[in-house]
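Each remark here refers to the structure printed beneath this line.
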Amino acid sequence: MDKESLNKLLQQFKSDEVSIEDVLSGINGYQQEKDFMIDTLRSKRTGCVEVIFCLKKTVDQVLRISEKIVEKNKCLLATRVTSEQANALLLKYKNALYNKDAQIVRIGKTQKDIGSIAIVCAGTSDLSVAEEAHETALFLGAKVTTLYDCGVAGIHRLLNNLEVFEDVSAIVAVAGMEGALPSVVAGLVDVPVIAVPTSVGYGASFNGLAALLGMLNSCSNGISVVNIDNGFGGGYNAALIAKGAN
């Protein structure tokens, strides 16, 4: 904790605005509960609050974790939410937004107007991963332009819409099957391309491994690759690039 933040916290304690537990949590940098610890300084260090990865968490755990994050930060990003978890969050927070395709519940943004990115995906089957990237980038404060179902089997769909790449600082390219789309995109633009392989495909795609290896072995320059189906990582990285560029 920096000196200014510590001084503000102590002044709040002096005027009974916060408890001794809040002071200790602020100094330690985390708030410990029975089955989780909230990183209270995540936003200070990285510019983004702690995100809840909801997979294999109970509804009760998601709600209790969300309480601590929203209480301190007034915003929330929960990824890989089930319909049951989403309904519970929507009931608790009237200002929450639920994107079923992305499996994301979002409240507010961490920042505003950090820059612009584009997200393209090869097929409608890749939409859930692309939308996860979309919601993540919006949460971080990026302006997002999307172009979906423009894979290489009908490359004219991409070539006829190249204006989506104008005035953006980074591009997220999502594809399954053989994972060719990011290589094509990277050969047409002068900004970083974040390639996101998806698990979409037939047997020899090995649940996204073929797309991952294709992207890692791309001959196009300027491509970085995240893990299979990791739309969150793609959107996050692109938003950080946009922030740095602006």
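Quick notes on this one:
- Residue count for region 75-95 under the criterion of being without any contact (Cβ under 8 Å) to a residue 60 or more places away in the chain and under 20 Å from residue 236 (Cβ atoms): the result is 4.
- For the criterion of being closer than 24 Å to residue 104 by Cα and either touching a Gly at 6+ places or on another chain (Cβ under 6 Å) or assigned by TED's automatic domain parsing to the domain that holds residue 50 (or both), residue 196 passes.
- Options 206, 232, 165; residue that is of a type outside the set (Val, Ile, Thr) and free of Cβ contacts under 8 Å to residues at least 24 places away in the same chain: 206
- Just one of the numbered conditions (1) of a type outside the set (Asp, Glu); (2) in the same structural domain as residue 188 (by TED's automatic domain parsing); (3) under 16 Å from residue 43 (Cα atoms); (4) out of contact with any helix residue (DSSP H, G or I) (no Cβ under 9 Å at 6 or more places or on another chain) is not true of residue 137: (4).
- Subset of region 97-141 (residues that are crowded, with 23+ Cβ neighbours inside 10 Å, in a helix (DSSP H, G or I) and among the hydrophobic types (A, V, I, L, M, F, W, C)): 129, 130, 133, 137, 139
- Of 207, 227, 217, all but one fail to be at pLDDT 95 or above and within 17 Å of residue 136 (Cβ to Cβ); the exception is 227.
- Flag if residue 228 is of a type in the set (A, V, I, L, M), outside the structural domain of residue 46 (by TED's automatic domain parsing), surrounded by 22 or more Cβ atoms within 10 Å (Cβ to Cβ) and under 26 Å from residue 78 (Cα atoms): no
- Filtered by the rule that a residue be touching a Gly at 6+ places or on another chain (Cβ under 7 Å) and closer than 14 Å to residue 185 by Cα, region 115-136 gives a lone residue, 122.
- Hey, residue 108 on the phi > 0 side of the Ramachandran plot and among the small types (Gly, Ala, Ser) or not: yes
- Scope region 41-65; condition of a type in the set (S, T, N, Q) and under 19 Å from the mean Cα position of the chain (by Cα); matching residues: 43, 46
The values are calculated or read from the model by the stated rules, or taken from the named source; none is laboratory data. Since the model is a prediction, treat every value here as computed from it, not as a measurement. Cβ sites come from the backbone with ideal geometry, for glycine too, and all protein chains shown count toward neighbours.
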